[in-house]
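**Student:** Got a structure for you, questions after.
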Amino acid sequence: MGFKIFSGNSNTLLAREIAKQLGQTLSKVEIIRFADSECRVRIEEDVVDQDVFIIQSVSNPVDENLMELLLLGDAVKRGEARKVIAVLPYHGYARQDRVHRMGECLSASVVTKLIESIGFDKLITVELHSDAISGFFKIPLIHLSGLSLFKEEIEKNKDDVVIVSPDAGAAKRAQSFAEMLDLPLSYIEKKRDLNQAHKIISMKVVGDVKDKRAFIVDDVIVSGGTLINAAYLLKQKGAKQVIAAATHADFVGGADKILQDSPIDKIWVTDTIPVHEDRRFAKLTVFPIASIIASAMKKMIK
């Protein structure tokens, strides 16, 4: 028995690097998009009695990448693989983990059921929006954190550093990170507009940030609006530097230019979602995450 690694189209560069670190190349798969936008998947290698990893970030375009994951999983299961493990460097829909208003769906739960319906044996993912997501799954879930990459960098110089949670929802993650580094914690108290996505009504800083290097720790950057508003607020309160550190870079709507022109001094992300050259900018640093994912996968290889 051996193992094979397949990848969808969402983040092939990361998938190749993970495979390389495990001494493998990506197994061959044919993914075709028809004119009506339907997708057809065909694996081109024998997987009988093999342990198979399928790497796919469920990132923008989320629904297309999710469907590729599901179809790849089905193709491998039909090929009579021994075990099939889904590797989701970024788990789309994870932010929709609760119902805010009457009539809303619980999208994270729906996607969990879709993934489990294929028959995956395990799932590896990175920096979920909330630990509650893991409770949606009946199959074993390995939850990795990209923050360890940032931890190593911060430990090089911890002078005058304060960790900042961008909102109450991220407080647990930021608190754990601050405790790991033995650093003080502050947080941004904000009120969202539930009727308009990404719109913040009010914000204020809780904690001392004066003359500090403030590290805003979050799971994902989307439009960048929340981080930019937080940076303005932190600098108004006397922070001498603001660094945004988020595992996932799900940049949309010109976020790259907006962040470059913002009062944020540095933006740190990982490559769980590909950040193409035309989306990179001077303030951005991309930390490679392949080694963390490859290490988790290696523990499952017999």
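**Student:** Hand me the list of strands (runs of 3 or more DSSP E) wholly inside segment 1-99 holding 2 or more residues that are buried (at least 18 other Cβ atoms within 10 Å of the Cβ) and hydrophobic (A, V, I, L, M, F, W, C).
**Tutor:** It comes to 3-7, 39-43, 51-55, 83-88.
**Student:** Then there's this: So which of Ser176, Ser107 is in the same structural domain as Leu70 (by TED's automatic domain parsing) and of a type in the set (Ser, Thr, Tyr)?
**Tutor:** Ser107
**Student:** Taking Ile264, is it at pLDDT 90 or above, buried (at least 23 other Cβ atoms within 10 Å of the Cβ) and within 20 Å of Val161 (Cα to Cα)?
**Tutor:** yes
**Student:** Of all residues in segment 274-288 being over 16 Å from Val222 (Cβ atoms) and aliphatic (A, V, I, L, M), which is modelled with the highest pLDDT?
**Tutor:** Val286
**Student:** Kindly indicate whether any position in segment 203-214 is of a type in the set (A, V, I, L, M, F, W, C), modelled with pLDDT of 90 or more and within 25 Å of the chain's Cα centre (by Cα).
**Tutor:** yes
**Student:** Among the residues of segment 100-158, write down those that are outside any helix (DSSP H, G or I) and without any contact (Cβ under 8 Å) to a residue 12 or more places away in the chain.
**Tutor:** Of everything in segment 100-158, those that are outside any helix (DSSP H, G or I) and without any contact (Cβ under 8 Å) to a residue 12 or more places away in the chain turn out to be Met102, Gly103, Glu104, Cys105, Leu106, Lys156, Asn157.
**Student:** Being among the small types (Gly, Ala, Ser) and more than 24 Å from the chain's Cα centre (by Cα) is the filter here; which residues of segment 28-57 pass it?
**Tutor:** Listed by number, the residues that qualify are Ala35, Ser37.
**Student:** Filter segment 18-51 down to residues that are β-branched (Val, Ile, Thr) and either within 19 Å of Phe120 (Cα to Cα) or touching a Leu at 6+ places or on another chain (Cβ under 6 Å) (or both), then give me how many there are.
**Tutor:** Residues meeting the conditions: 5.
**Student:** What's the number of the condition Asp256 fails, among (1) more than 28 Å from Glu179 (Cβ to Cβ); (2) buried (at least 23 other Cβ atoms within 10 Å of the Cβ)?
**Tutor:** Asp256 satisfies every listed condition except (2).
The values are calculated or read from the model by the stated rules, or taken from the named source; none is laboratory data. These figures come from a predicted structure and were not determined experimentally. Virtual Cβ from ideal backbone geometry, glycine too; neighbours counted across all protein chains shown.
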